[in-house]
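The block underneath contains the structure these notes are about, expressed in structure tokens.
The values are calculated or read from the model by the stated rules, or taken from the named source; none is laboratory data. The model shown is predicted, which means the values in this text are computed figures rather than measured ones. Methodologically, a virtual Cβ is constructed for each residue, glycine included, from the backbone with ideal geometry; neighbour enumeration extends over all protein chains shown. Areas reflect the complete protein model, heavy atoms only, side chains present, ligands, DNA and RNA absent. Shrake-Rupley method; radii C 1.70, N 1.55, O 1.52, S 1.80 Å.
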Amino acid sequence: MFRSLHMKLVLILLLLITSLMTVVGAFMMTSITRFYIDEFYQQMNSVFGDSDPANGAFVNSLRREAAQDNGAQKLQDMIEVKARDLGLNSSTRNYYILDGRTGAFLAGSDDQSAFESIQATPNQLTARSSIANGTDDVGDQSDITANYMDVAIPITGGDNAFIIYIYDNRDTVSSLNGQLFLIIVQALLVGLLISVLLSFLLSKTMVIPIERLTEGAERVADGDFTSTIEVESTDEIGILTTTFNEMAAVLQETLEAVENERNKLDTLFLHMSDGVVSFARDGSILTSNPAASQMLGREVSFYDYDALFGQQFPFQKVMRLQRPNSLSGELAVGRRILELYLAPVSDGEQGGVMAVLHDITAQRKNEEMRKEFVANVSHELRTPLTNVRSYAETIRDSEDIPRSMENSFLDIIISETDRMTRIVQDLLTLSRLDSGRAEIKMVRFPLREALESVCRAVELEAQRRGHTLVRRYGETLPMILGDRSRLEQVMMNVVGNSIKYTPDGGTISVDAGISGRKVWIEVSDNGIGIPRQDWERIFDRFYRVDKARSRESGGTGLGLSIAREIVLRHHGTIGLTDHEGPGTTIRIVLPIRQEREAGHE
């Protein structure tokens with residue numbers, strides 16, 4: 001209960017009132033006591049002091065009377081005359097005439113038994129010592145802690161020595177202090193009652209806004225930043241409430257921005273092509289993305305660091321690295337080649353290891369393809385160049401070569417030159433297609449007319465080799481959007497290959513039809529066919545199933561590569577399909593309608 005701010009404020013106010021009343025009461029009681037003591041000694045000084053000549057005369061009269069035989073009685077009579085000035089009364093303040101040498105009781109306003117109850121005080125001893133030493137020192141030292149007030153005046157006359165001793169038991173002061181204490185206690189009780197009521201009201205006024213702020217802080221801690229606290233004052237608490245509302249609004253905006261950025265990072269993390277795996281300091285997995293599991297061929301979350309990468313890079317070796325250093329290497333997983341990067345996350349207790357996987361299988365394959373491409377280009381160009389050089393040198397060095405043989409050699413040189421020209425032209429076409437600089441003119445044209453144009457162009461070559469060219473497309477083929485000349489080049493290449501690689505007397509079929517929003521074209525033959533293991537590479541550049549026969553037929557090995565690039569530029573597909581019996585079937589699929597493309601892509 002006393003832990004609440006409300007009760008603490010009440011207790012503080014009560015303690016403040018109590019402390020204040022206690023200090024005031026103690027000060028008043030001490031002041032009254034000091035006032036009475038000072039008043040007592042002022043009265044004594046007004047009668048026995050030397051500051052007033054009348055007082056000096058009175059003291060001299062006392063000394064003269066003391067020199068008589070009945071000096072004590074004479075002194076008593078003179079003191080009685082001054083009783084009013086000395087404030088004497090029988091209940092609280094009395095006087096005593098004492099023997100100056102022995103301190104024995106001689107006379108007084110009270111009886112001897114009352115005097116004997118008074119112990120020898122320091123002031124009495126001072127007066128007796130003064131008489132013994134022949135001085136006139138008065139014993140008038142005050143003590144606020146004592147329960148009495150007294151003064152001892154030595155009076156000597158002739159051989160007689162007396163002490164006028166006035167003693168006040170301070171009952172008046174004690175009574176007055178008692179009444180004052182009672183008044184202070186009563187005032188304290190009333191003040192406490194009033195202060196309790198006021199402190200409750202005051203503390204409530206101060207605590208209620210703080211309680212609202214507490215409730216608002218709890219809502220913010222629970223994630224609710226929308227509700228605001230009503231501002232009811234313009235004091236410090238009101239300013240604090242306004243600041244709190246502004247802070248909640250800023251936190252809401254900040255958290256929304258952080259959440260948005262986190263969602264972006266989560267989306268990037270989940271859909272990025274590189275695999276990412278983070279490990280704790282003990283090697284256990286903290287997070288991973290689907291790409292990592294796909295690259296490693298297993299669910300990464302079921303394993304730890306040692307099971308995944310421990311054989312290649314020990315975990316502690318990576319942990320000892322100082323940022324931004326990292327380790328890298330290659331990892332073979334099945335047919336995949338992965339590039340692995342390992343780096344420590346941080347140097348603190350919350351540190352760990354971050355692993356990034358990059359699939360470089362396609363890159364390595366492209367590198368191999370580039371090497372093979374360069375080798376093929378070199379080989380394809382070297383052969384005709386060698387032939388050209390050989391026949392040209394023969395013609396130059398042989399002076400008596402027959403005219404018919406010279407013409408034959410020149411025909412071979414021209415043929416090899418044409419072959420090199422076709423290779424260079426095909427390479428230039430592929431280069432333009434790869435770089436996007438090939439001009440593609442999109443127009444609407446009838447597919448059937450294009451097929452007829454191709455079939456008429458190859459019909460004579462087919463008849464020359466004894467082939468039967470079968471047309472199996474109907475009259476219902478639609479208009480399609482594309483570059484007619486490029487697509488005719490594709491179909492010409494495919495049909496031409498069927499004619500070239502089918503033994504004389506074969507059958508070549510050209511089929512076409514509609515499938516939804518696309519058209520398909522199939523070219524089939526009953527020729528030598530293509531082995532299944534070569535299907536994936538038949539569209540690679542310079543790839544030949546039978547290299548010797550391909551060169552004999554005059555092919556460059558680039559026709560199907562060019563065909564694939566043109567079909568892809570039309571958002572279509574080209575590939576081999578299953579074929580019954582010997583031979584090959586190539587299927588081309590093109591969209592009927594597609595986004596119109598500009599001249600250069």
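Is there a residue being part of a helix (DSSP H, G or I), closer than 30 Å to Phe539 by Cα and at pLDDT below 85 anywhere in the range 318-328?
No, every residue in the range 318-328 fails to be part of a helix (DSSP H, G or I), closer than 30 Å to Phe539 by Cα and at pLDDT below 85.
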Quiz item: Got a number for residues in the range 127-151 being open to solvent by 30 Å² or more (accessible area, probe 1.4 Å) and touching an Asp or Glu at 6+ places or on another chain (Cβ under 6 Å)?
Solution: 0
Exercise. Report yes if some residue within the range 228-243 is of a type outside the set (Asp, Glu), closer than 30 Å to Met21 by Cα and either out of contact with any Leu (no Cβ under 9 Å at 6 or more places or on another chain) or open to solvent by 90 Å² or more (accessible area, probe 1.4 Å) (or both); otherwise report no.
Key: no
Quiz prompt | Pair list, Cβ under 6 Å, 6 or more apart: the range 563-574 residue at positive phi, other residue not in a helix (DSSP H, G or I) | solution = His571/Pro591; His571/Gln594
Exercise. Scan (1) assigned to a helix (DSSP H, G or I); (2) closer than 27 Å to Glu580 by Cβ for the single condition Arg419 breaks and write down its number.
Key: (2)
Exercise. Check every one of the helices (runs of 4 or more DSSP H) wholly within the range 223-310 and list those with 1 or more residues that are in contact (Cβ under 8 Å) with a residue 40 or more places away in the chain.
Key: 290-296, 305-309
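Is it fair to say Glu299 is at pLDDT below 85 and farther than 27 Å from Glu536 by Cα?
For Glu299, the condition - at pLDDT below 85 and farther than 27 Å from Glu536 by Cα - is not met.
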Practice problem: Using the structure shown, decide if Ala54 is farther than 18 Å from Asp171 by Cα, modelled with pLDDT under 85 and of a type in the set (A, V, I, L, M). | Solution: yes
Quiz item: Name the pairs: first residue in the range 196-222 and over 30 Å from Leu14 (Cα atoms) and in contact (Cβ under 8 Å) with a residue 12 or more places away in the chain, second residue open to solvent by 80 Å² or more (accessible area, probe 1.4 Å) and in a helix (DSSP H, G or I), Cβ to Cβ under 9 Å, at least 6 apart or on different chains?
Solution: Val220/Met247
Quiz item: If you go through the range 313-339 one residue at a time, how many are open to solvent by less than 70 Å² (accessible area, probe 1.4 Å) and under 18 Å from Ser284 (Cα atoms)?
Solution: 5
Self-check item: Tally, over the range 528-576, of residues that are assigned to a loop (DSSP other than H, G, I, E, B) and modelled with pLDDT under 85
Solution: 19
Practice problem: Only residues in the range 415-426 that are of a type in the set (Ser, Thr, Tyr) and modelled with pLDDT of 70 or more count as the first member; pair them with residues that are in a helix (DSSP H, G or I) and open to solvent by less than 60 Å² (accessible area, probe 1.4 Å), Cβ under 9 angstrom, at least 6 apart or cross-chain, and list the lot. | Solution: Ser415/Pro384; Ser415/Asn387; Thr417/Pro384; Thr417/Val388
Self-check item: When residues of the range 104-126 are limited to those that are of a type in the set (Gly, Ala, Ser) and surrounded by 14 or more Cβ atoms within 10 Å (Cβ to Cβ), the one farthest from Thr172 (Cα to Cα)
Solution: Ala107
